[in-house]
Amino acid sequence: MKPFAIAGMQLHLSESSNLGHMKARLDHLMHLFPWVQMVVFSELAAQGPSLKHAEPLPGPTETAMRGWASTHGVWIISGSMFERTAHKIYNTLSVIAPNGHVVGRYRKLFPFRPYEIGVESGKEFLVFDVPDVGRFGVSICYDIWFPETSRTLAAMGAEVLLHPSMTTTIDRGVELAIAKATAATNQCYVMDINGVGAGGNGRSIIVGPAGDVWHEAGQAEELIPLELDLDRVRRSREFGLRGLGQQLKSFRDCTVKFPVYDLADTEARAYLRSLGPLEKPARGSTRVIAPSPNDVPPLGAPSQDDADASGNVSHTSQPAVAPPAPDGKPAASPTPGPHPTHREVS
């Protein structure tokens with residue numbers, strides 16, 4: 001067994017500086033659970049979601065967190081904050097070692113466009129080693145919706161995916177499914193930490209390398225200390241998920257080239273380009289493809305649910321049957337049209 005204790009900090013956050021609250025809750029956590037070795041905050045926890053609070057890195061917010069790390073002798077995953085450079089702004093996470101040293105910074109690869117406006121995409125992945133424990137990878141919120149990011153981290157040797165989020169929207173349940181699938185398909189731990197209040201709608205989740213949920217938080221503030229066993233990851237990758245699929249080995253041995261990943265392959269990406277610009281939908285938008293008339297029953301037509309007590313359905317919802325021909329023989333059924341979901345592409 002290779003145990004390592006990590007605490008997720010699902011904190012109630014405001015839209016501006018939360019450093020005081022974060023420090024107070026960290027101090028409380030370490031008083032209650034001094035065995036914790038790493039602490040993970042949620043996305044944009046320190047300074048909130050406004051670009052006006054962007055700072056250069058290194059800067060005062062990161063410096064404060066470096067002090068927390070050295071005071072308690074723990075690894076700190078900052079969550080993230082907006083980083084201001086000479087000409088751009090990034091959504092950036094800092095990895096801080098127990099001695100207060102910054103071992104790496106990660107810039108979010110997939111800002112939540114078209115809503116996370118004015119934020120540049122990062123270009124590089126980040127994994128780091130905890131001596132005598134294992135390798136950790138980081139990503140931020142919307143990144144996990146793109147399986148290529150997690151698969152790349154796993155291929156770089158990450159055994160635990162640390163994933164701060166700031167999800168305030170109705171798709172949090174979908175993200176929980178993605179977190180479980182990511183853990184199973186990459187045979188690793190996933191620690192997806194969301195905030196509450198202005199920082200999110202909670203429901204942080206920690207998933208094991210077989211897709212098993214270790215803990216799913218509620219929608220209030222929670223401190224989530226857990227001890228992970230990294231040998232579970234190594235066993236799963238060697239022996240198979242529950243003795244079955246060895247996904248990373250299969251991916252390693254695959255000889256298929258996926259043309260959709262070739263940015264120069266215009267034919268493979270033609271459909272993607274046809275989807276139109278990445279922009280906020282407008283009221284009354286008609287960009288969606290209208291259903292075929294064959295797909296939609298006439299307005300007011302009864303459905304199968306309109307059957308009477310005997311199980312009979314009114315004639316308007318029965319399958320169409322051609323009437324008998326004058327000679328008494330059944331008439332030929334109408335020739336079916338094209339499949340309603342098929343469209344010819346010119």
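The values are calculated or read from the model by the stated rules, or taken from the named source; none is laboratory data. Everything quoted here is computed from the prediction, not taken from an experiment. Here the Cβ positions follow ideal geometry from the backbone for every residue, glycine too, while neighbour counts run over all protein chains shown. What goes into the accessible areas is simple: the full protein's heavy atoms, side chains included, and nothing from ligands, DNA or RNA. Shrake-Rupley method; radii C 1.70, N 1.55, O 1.52, S 1.80 Å.
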Q: Against the globular-protein guess of 2.2 N^0.38 Å, express the Cα radius of gyration of the stretch 1-152 as a ratio, rounded to two decimals.
A: 1.02
Q | Cα radius of gyration and Dmax for the stretch 119-247 (Å) | A | 14.3, 43
Q: Subtracting the Cα-Cα distance from 0.36 nm times the residue separation, let me have the gained length for D231 to S17 in nm, one decimal.
A: 73.2 nm
Q.
Give the aspartates and glutamates whose C-alpha is closer than 13 Å to that of K108, dropping any in the same chain fewer than 8 places away, or say none.
A. E43, E83, E116, E120, E124, D143
Q.
Can you tally the net charge around A198? Count Lys and Arg as +1, Asp and Glu as -1, for every other residue whose Cβ sits under 14 Å from the Cβ of A198.
A. -3
Q.
Ranking request for peptides 49-62, 99-112: highest mean number of other beta-carbon atoms within 10 Å first, then the rest in descending order.
A. 99-112, 49-62
**Q.** Two-site label geometry, A210 and F33: point separation in nm, points 7 Å out along Cα→Cβ
**A.** 2.3
Q. For the stretch 50-82 and the stretch 235-271, what is the separation of their C-alpha centers, rounded to whole Å?
A. 36
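Accessible area per residue for the stretch 49-200 in Å², computed with a 1.4 Å probe and the full protein assembly in place, what is it?
Per-residue accessible area for the stretch 49-200 comes out at 38 Å².
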Q) Over the stretch 110-193, what number does the Rg to Rh ratio reach, with both radii from the alpha-carbon atoms and Rh per Kirkwood? A) 0.97
